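Visitor: Dumping the structure here so I can ask a few things about it.
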Amino acid sequence: MMEPIRYREHSFRPDNDPVWRKRGLKTFLPRRLLDDVVRLDRNLLRRSNTVWVMKDRKLAIHDVEIAFQNEDYAFVRSGLETGDKVITNDLASVVSGARLRLESDTEEPAPESTDLAKGDGNE
């Protein structure tokens, strides 16, 4: 879905070019809305556009389609579902199907997760 085109007026005045001294430069920047995406911290996007997810207490590596990303966030269009628990910390060993534990299960450190069903990471 496209928003109406908006423009900003910028002053561009290089000191060495007298032609530009009293002119302005208008730029037109079309914007589009991102529908049906999940916003994740960019550091949760792993190698080759994958995301680590806990499923049935095991590590699942999901391929995701990125609609847009900037230096802070990745906006995921597909590859995650409501209720997926995205692992938010680094793991020493990354093997699909590896068993995972929550901190509440044991005193040993365990991967943290973001529950998409609760809206975390989807604002």
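Visitor: I want to check the label-to-label distance for ARG99 and THR82. Put each point 7 Å from Cα in the C-beta direction and report it in nm to one decimal.
Guide: 3.2 nm
Visitor: Under 5 Å between amide hydrogens, which residues at least 5 positions from ASP84 or on another chain qualify, with H placed 1.01 Å from N in the peptide plane?
Guide: So ASP84 has HN proximity to LEU116, ALA117.
Visitor: So, one more: Mind giving me the nanometre distance, one decimal, between the label points for LEU34 and ASP63, set 7 Å out from Cα along Cα→Cβ?
Guide: Spacing of the two 7 Å Cα→Cβ label points: 2.1 nm.
Quick note: the coordinates plus some simple rules give every number you see, no bench work behind them. Source: prediction; values computed, not measured. Here the Cβ is made from the backbone with ideal geometry for all residues, glycine too, and neighbour counts use every protein chain on show.
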